[in-house]
Amino acid sequence: MKPNKNYKLETRSIFAGYDPAENFGAVKPPIHPASTFIFPDARTGAAQMETAYGIEGAETPPEDAFIYSRLGNPTLSVAEKRLASWDDTEMSAFFASGMAAISTALMAHTSKDRALWYVGPLYGGTQHIIDDILPKMGVDVILMDSLNKIDTMDISSGLPGMIYMETPANPTLQVHDISLATKWAREHETEDAKIIVAVDNTFLGPIIQRPLDLGADLNLYSATKYIGGHSDVIAGAVSGKTEAMAKVYEYRTFFGGIVDPWTSWLLARSMETLHVRVERQVNSARKILDFLQEKPGLKIFCAWKEDLEKVGDYKAAAIVHNQQKNGGAMMAIEIPGGRSAAFAFLDALEVFKLAVSLGSTESLAEHPASMTHAGVNPEEKIRTGITEGLVRLSIGLENADDLIADLESALEAARLSL
């Protein structure tokens with residue numbers, strides 16, 4: 001199928017990046033495991049290599065010409081064009097993991113002269129990069145208490161290279177105003193000092209939230225999660241504006257964090273069902289939230305407008321209204337009784353699986369304070385609400401009534417453990 005802007009997003013994205021007519025009519029793309037690719041002639045080979053290394057004055061090589069699979073691969077190209085279609089942008093890049101994608105983007109757009117500004121909470125691995133690795137490279141790292149205070153930030157020593165956020169944030173589902181960050185960046189950046197707004201969109205994905213449409217420069221994913229969606233791949237992704245993506249591609253080339261052909265094929269396949277999986281997960285999540293809301297003494301963390309309004313958080317509800325289609329299929333609950341009660345809850349689950357990760361066909365539960373965010377310092381945990389009683393839930397494709405019954409019995413187990 002030829003790309004057609006008149007088709008809806010779901011239709012365009014299923015077929016993006018692949019033409020059966022170029023592959024013997026095969027309805028699905030082949031896997032190209034080759035590590036290297038033959039040049040048709042020396043001049044073309046030189047043009048491809050010089051372009052790949054950014055040599056000024058290089059001849060323009062043929063479109064979709066490949067050199068070596070650390071730089072690009074035909075199977076990877078299908079997956080990247082498919083993700084670019086979902087995000088409605090020209091460029092996307094897959095990586096060997098979410099952390100490979102995040103660390104590459106951070107290093108590509110910060111330096112000793114261009115600080116990183118960020119707002120938390122963040123996934124524990126990202127927090128480690130920011131706290132322990134970037135500062136050793138000379139990058140100033142500045143934590144903002146809230147994006148609402150961005151106008152009070154001191155820029156006398158220079159503009160930031162990047163403003164970074166997760167929204168909704170992992171694991172407590174705080175939402176941050178993407179448009180507020182992009183508006184500030186556009187007003188303050190200069191031609192020689194661009195400010196990259198980067199959004200980790202792992203919790204919602206392109207179906208529910210579209211940061212690039214809100215002016216962000218880079219949209220980041222742990223593609224292991226909803227993009228892959230079956231707990232059988234490890235991958236990360238960045239999509240975004242051409243200028244911002246150019247440095248991401250450059251750094252990926254030399255860091256070597258590219259995804260392999262088999263994983264690329266699985267990602268391309270999984271994106272064909274992305275919208276139907278997410279729709280089912282969201283519908284089940286809404287039923288589960290309605291059930292949990294009726295439980296006395298249970299604190300619920302989610303990114304649904306109606307739930308935020310119920311607890312009087314109208315500012316967050318307004319942000320959700322402006323930038324999300326709905327609240328997604330992630331949530332967290334704070335179990336009364338701290339760690340021991342949270343562990344009793346987790347150990348009693350049968351349908352939910354006790355494992356880290358999220359966004360897959362199976363529902364998952366984990367204890368952030370001792371698992372995904374174990375390495376976050378205690379002060380930051382307290383500041384961002386990562387308590388010992390907090391449990392994070394990822395809703396999968398099981399029957400919602402079975403999931404509710406599982407939660408009911410596990411909550412009773414937690415109560416009896418006190």
_Looking only at the range 109-124, count every residue that is surrounded by 24 or more Cβ atoms within 10 Å (Cβ to Cβ) and part of a helix (DSSP H, G or I) and tell me the total._
0
_So for the range 389-399 (the condition being touching a His at 6+ places or on another chain (Cβ under 8 Å) and small (Gly, Ala, Ser)), does at least one residue qualify?_
no
_Return the residues of the range 360-418 that are outside any loop (DSSP other than H, G, I, E, B), modelled with pLDDT of 95 or more and more than 26 Å from residue 224 (Cβ to Cβ); say none if nothing qualifies._
401, 404, 405, 408, 409, 411, 412, 413, 414, 415, 416
*For residue 55, all conditions in the list (1) over 17 Å from residue 227 (Cβ atoms); (2) among the β-branched types (Val, Ile, Thr); (3) in the same structural domain as residue 195 (by TED's automatic domain parsing) hold save one; what is the number of the exception?*
(3)
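Taking the stated definitions as given, is residue 211 within 18 Å of residue 14 (Cα to Cα), of a type outside the set (Asp, Glu) and in contact with a strand residue (DSSP E or B) (Cβ under 9 Å, 6 or more places away or on another chain)?
So residue 211 does not fit the description; no.
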_under 22 Å from residue 387 (Cβ atoms), part of a helix (DSSP H, G or I) and in contact (Cβ under 8 Å) with a residue 12 or more places away in the chain: is that true of residue 288 in this structure?_
yes
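Is there a residue in the range 180-199 that is among the aliphatic types (A, V, I, L, M), assigned by TED's automatic domain parsing to the domain that holds residue 122 and within 12 Å of the chain's Cα centre (by Cα)?
Among the residues of the range 180-199, at least one is among the aliphatic types (A, V, I, L, M), assigned by TED's automatic domain parsing to the domain that holds residue 122 and within 12 Å of the chain's Cα centre (by Cα), which makes the answer yes.
Per-residue answers, yes or no, for (1) part of a loop (DSSP other than H, G, I, E, B); (2) touching a residue at least 40 places away in the same chain (Cβ under 8 Å); (3) touching a helix residue (DSSP H, G or I) at 6+ places or on another chain (Cβ under 7 Å):
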{"site": "296", "(1), (2), (3)": "yes, no, no"}
{"site": "318", "(1), (2), (3)": "no, no, no"}
{"site": "326", "(1), (2), (3)": "yes, yes, yes"}
{"site": "331", "(1), (2), (3)": "no, yes, yes"}
{"site": "336", "(1), (2), (3)": "yes, yes, no"}
*With the range 168-264 as the region, which strands (runs of 3 or more DSSP E) entirely inside it contain at least 2 residues that are buried (at least 20 other Cβ atoms within 10 Å of the Cβ), among the acidic types (Asp, Glu) and in contact (Cβ under 8 Å) with a residue 24 or more places away in the chain?*
none
_Considering residues of the range 319-369 that are touching a strand residue (DSSP E or B) at 6+ places or on another chain (Cβ under 9 Å) and of a type in the set (Val, Ile, Thr) only, the residue surrounded by the most Cβ atoms within 10 Å (Cβ to Cβ)_ = 335
*residue 102: touching an Asp or Glu at 6+ places or on another chain (Cβ under 9 Å) and assigned by TED's automatic domain parsing to the domain that holds residue 266, yes or no?*
yes
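Which count do you get for residues in the range 21-52 that are assigned to a helix (DSSP H, G or I) and not assigned by TED's automatic domain parsing to the domain that holds residue 265?
Number of matching residues: 11.
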*Whichever residue in the range 53-95 is of a type in the set (Val, Ile, Thr) and not in a helix (DSSP H, G or I) and, among such residues, is surrounded by the most Cβ atoms within 10 Å (Cβ to Cβ)*: 89
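The values are calculated or read from the model by the stated rules, or taken from the named source; none is laboratory data. In this text, all values refer to a predicted model and were calculated from it rather than measured experimentally. Here the Cβ is made from the backbone with ideal geometry for all residues, glycine too, and neighbour counts use every protein chain on show.
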